[in-house]
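Here's the structure we're looking at; comments come further down.
The values are calculated or read from the model by the stated rules, or taken from the named source; none is laboratory data. All values derive from a computational prediction rather than experimental measurement. Virtual Cβ from ideal backbone geometry, glycine too; neighbours counted across all protein chains shown.
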Amino acid sequence: MKCFITLAVTAWLTLAIPPTPLNGDIQQALAQAATPSCPTLRILAILPRERTQWLLLANDTSVTTPVTIELTTEREIVTYAVPSVIFAEEIGGSIAYRSTPIVLANPLGTVLSATVRASLDATTTCENVTRIVRTPDDVGVYNLARLRWPLSAEDARFVEIVTNETQPPGEPIGAKSRRSVLAPDCKVTYRAAKGVRFVAADYPEDARKNGVVGTVVVSVSLSESGAVRVASVYRSSGNADLDGAALVAARSTTYAPEVKNCFPVTGTYLFRANFGFP
């Protein structure tokens with residue numbers, strides 16, 4: 001009987017004790033813990049590869065978070081919902097972490113900018129982070145804004161990651177939604193590739209003295225920025241010295257790339273060098 005009375009009294013006493021009010025600091029800490037905080041995101045690099053776009057993000061803490069990504073082209077704005085981005089690998093020399101490469105299915109058109117926002121929940125609004133990929137120059141041609149020489153260490157590392165990847169990390173993420181945009185103010189619909197500053201081929205002294213003449217045609221592959229990617233002898237003169245001098249001149253010449261519908265494009269062209277002809 002005493003046992004039952006003790007339990008009853010103990011239960012009544014426990015229920016009768018009023019809750020102790022929390023002080024302001026504890027209440028604020030609990031409120032902050034209950035509200036997810038937005039990560040500090042940065043777009044380290046964006047690079048087209050085959051039929052996809054690869055992005056590399058950075059964050060100030062090592063976390064896993066969902067993000068929304070928008071790619072804007074001259075034709076549309078495409079939204080991608082990425083359920084989880086893992087920030088685990090430290091960026092050397094700084095208190096920050098980078099993500100694994102995020103692979104997105106290509107939008108229609110040429111990417112002009114990328115925008116990333118953390119998508120924590122319906123009640124938390126995080127800031128957009130944007131990186132411009134292409135900007136128009138004075139004549140209305142959209143050039144790559146991310147191509148700086150020398151490349152930043154992070155961009156160079158990202159290019160290395162993408163180059164060494166034989167398979168993308170998972171299936172490309174497809175578009176969640178699309179909306180059309182107005183085409184850019186295109187002032188240059190087409191422009192052929194051309195030499196901006198030609199470098200004349202040096203006539204090899206031995207070939208000149210011996211009266212060796214000939215024409216060398218060099219195949220020159222240009223990047224979107226007009227840089228020479230590959231140069232090789234397309235049609236030989238029959239003389240190795242003349243061929244070598246033409247190659248040096250073709251590689252040293254400065255080019256403007258071909259432009260199609262406002263955008264510079266890659267291409268392969270022919271560079272001709274004449275030796276001993278008027």
The residue that is nearest to the chain's Cα centre (by Cα), considering only those in the range 209-262 that are buried (at least 18 other Cβ atoms within 10 Å of the Cβ), assigned to a strand (DSSP E or B) and of a type in the set (V, I, T), is V259
Across the range 263-278, the tally of residues that are without any contact (Cβ under 8 Å) to a residue 24 or more places away in the chain and either in contact with a Leu (Cβ under 7 Å, 6 or more places away or on another chain) or in a strand (DSSP E or B) (or both) stands at 0
Exactly one of S223, S237 is in contact with a helix residue (DSSP H, G or I) (Cβ under 8 Å, 6 or more places away or on another chain) and not assigned by TED's automatic domain parsing to the domain that holds V111, and that residue is S237
F277: among the aromatic types (F, W, Y), touching a Ser or Thr at 6+ places or on another chain (Cβ under 8 Å) and more than 26 Å from T189 (Cβ to Cβ), yes or no? yes
Does V63 satisfy being over 18 Å from the mean Cα position of the chain (by Cα), modelled with pLDDT of 50 or more and either more than 30 Å from D185 (Cβ to Cβ) or of a type in the set (G, A, S) (or both)? yes
Flag if L270 is within 25 Å of the chain's Cα centre (by Cα) and not polar (S, T, N, Q):
no
Residues of the range 49-70 being β-branched (V, I, T), crowded, with 17+ Cβ neighbours inside 10 Å and over 29 Å from L182 (Cα atoms), in sequence order, are T65
Inset, instruction - Could you please let me know if T52 is modelled with pLDDT of 90 or more and either charged (D, E, K, R) or in contact with a Ser or Thr (Cβ under 8 Å, 6 or more places away or on another chain) (or both)? - result: no
(message) Would you confirm, using the coordinates I've provided, whether S62 is closer than 28 Å to T110 by Cα and small (G, A, S)?
(response) no
Expected output for the range 181-200 (first residue part of a strand (DSSP E or B), partner of a type in the set (D, E, K, R), Cβ below 7 Å, 6+ apart or cross-chain) is Y190/K260; R191/E258
Among residues of the range 135-168 being modelled with pLDDT of 70 or more and assigned to a loop (DSSP other than H, G, I, E, B), the residue surrounded by the most Cβ atoms within 10 Å (Cβ to Cβ) is V141
Q) On the given criteria, is T73 of a type outside the set (F, W, Y), farther than 30 Å from T266 by Cβ, modelled with pLDDT of 90 or more and buried (at least 20 other Cβ atoms within 10 Å of the Cβ)? A) no
